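Novice: Handing you this structure, nothing more for now.
The values are calculated or read from the model by the stated rules, or taken from the named source; none is laboratory data. Everything numeric here is computed off the predicted structure, so don't read it as measured data. Note: ideal-geometry Cβ built from the backbone for every residue, glycine included; neighbour counts use all protein chains shown. Just so you know, the surface numbers come from the protein's heavy atoms only, side chains and all, with ligands and any DNA or RNA stripped out. Shrake-Rupley method; radii C 1.70, N 1.55, O 1.52, S 1.80 Å.
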Amino acid sequence: IPGETVGLRERVKLAAKAGASLLISIHHDSAQLKYLKKTIVSKKNVFTTTIPIRGFSLFVSQKNVKNIQSIKFAKYLGRELLLLGRKPTHHHAENIKGENRLLISPGLGIYSFNELVILKEATMPAVLFEVGVLVDAEDEKYINDPKNKMNIATAVKKSVVNYMKP
């Protein structure tokens, strides 16, 4: 809904009301403060990584009623992203506060995030897709490049088409 803030539970309800067969929540990732430093860009304080943290992450909830199908779609998407030369990031599996997520598929960057409302309360298969890590300068450049944006969108589309095939 353009110009409106829609809460996570409301997004799930809207998807169900629309009869969605699949819910994909698309985001840009960050990192824990442990890996960030403040810097100034265009006279604004921003954070940037102290070490390279680049790539994509995919999250599913084992509490989702369609968990197996959620993982199936995440695998399709992970494979398409690998074909683009993207690599999954593994920082969400680290044993630090705010992370420590179960990494279901290291090669495809699929994590379990059981308590995330948009994933666990969806009545259809649901995947949260972290496209890239905005606080990593190189990854930010990659995901802001118009050609790469189009390639990522095409990867999502191909994944949906392959997932929906009988």
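Novice: Inside the range 121-136, can you point out the residues that are open to solvent by 60 Å² or more (accessible area, probe 1.4 Å) and either touching a Leu at 6+ places or on another chain (Cβ under 9 Å) or at pLDDT 95 or above (or both)?
Specialist: 121, 123
Novice: Would you check if residue 17 is exposed (fewer than 13 other Cβ atoms within 10 Å of the Cβ) and out of contact with any Gly (no Cβ under 8 Å at 6 or more places or on another chain)?
Specialist: In short, yes.
Novice: Which of (1) over 16 Å from the mean Cα position of the chain (by Cα); (2) assigned to a loop (DSSP other than H, G, I, E, B); (3) hydrophobic (A, V, I, L, M, F, W, C) does residue 161 not meet, given it meets every other one?
Specialist: (2)
Novice: Give 45, 114, 100 a once-over and let me know the one that is in a loop (DSSP other than H, G, I, E, B) and either more than 27 Å from residue 18 (Cα to Cα) or open to solvent by less than 20 Å² (accessible area, probe 1.4 Å) (or both).
Specialist: 100
Yes or no, residue by residue, for (1) touching a strand residue (DSSP E or B) at 6+ places or on another chain (Cβ under 6 Å); (2) in contact (Cβ under 8 Å) with a residue 40 or more places away in the chain; (3) of a type in the set (Ser, Thr, Tyr):
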{"position": "106", "(1), (2), (3)": "no, no, no"}
{"position": "111", "(1), (2), (3)": "yes, yes, yes"}
{"position": "115", "(1), (2), (3)": "no, yes, no"}
{"position": "122", "(1), (2), (3)": "yes, yes, no"}
{"position": "127", "(1), (2), (3)": "yes, yes, no"}
{"position": "134", "(1), (2), (3)": "yes, yes, no"}
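Novice: Another question about this same structure. Go through the residues of the range 137-154 one by one and say whether even a single one is open to solvent by less than 10 Å² (accessible area, probe 1.4 Å), over 16 Å from residue 75 (Cα atoms) and either in contact with a strand residue (DSSP E or B) (Cβ under 7 Å, 6 or more places away or on another chain) or part of a strand (DSSP E or B) (or both).
Specialist: yes
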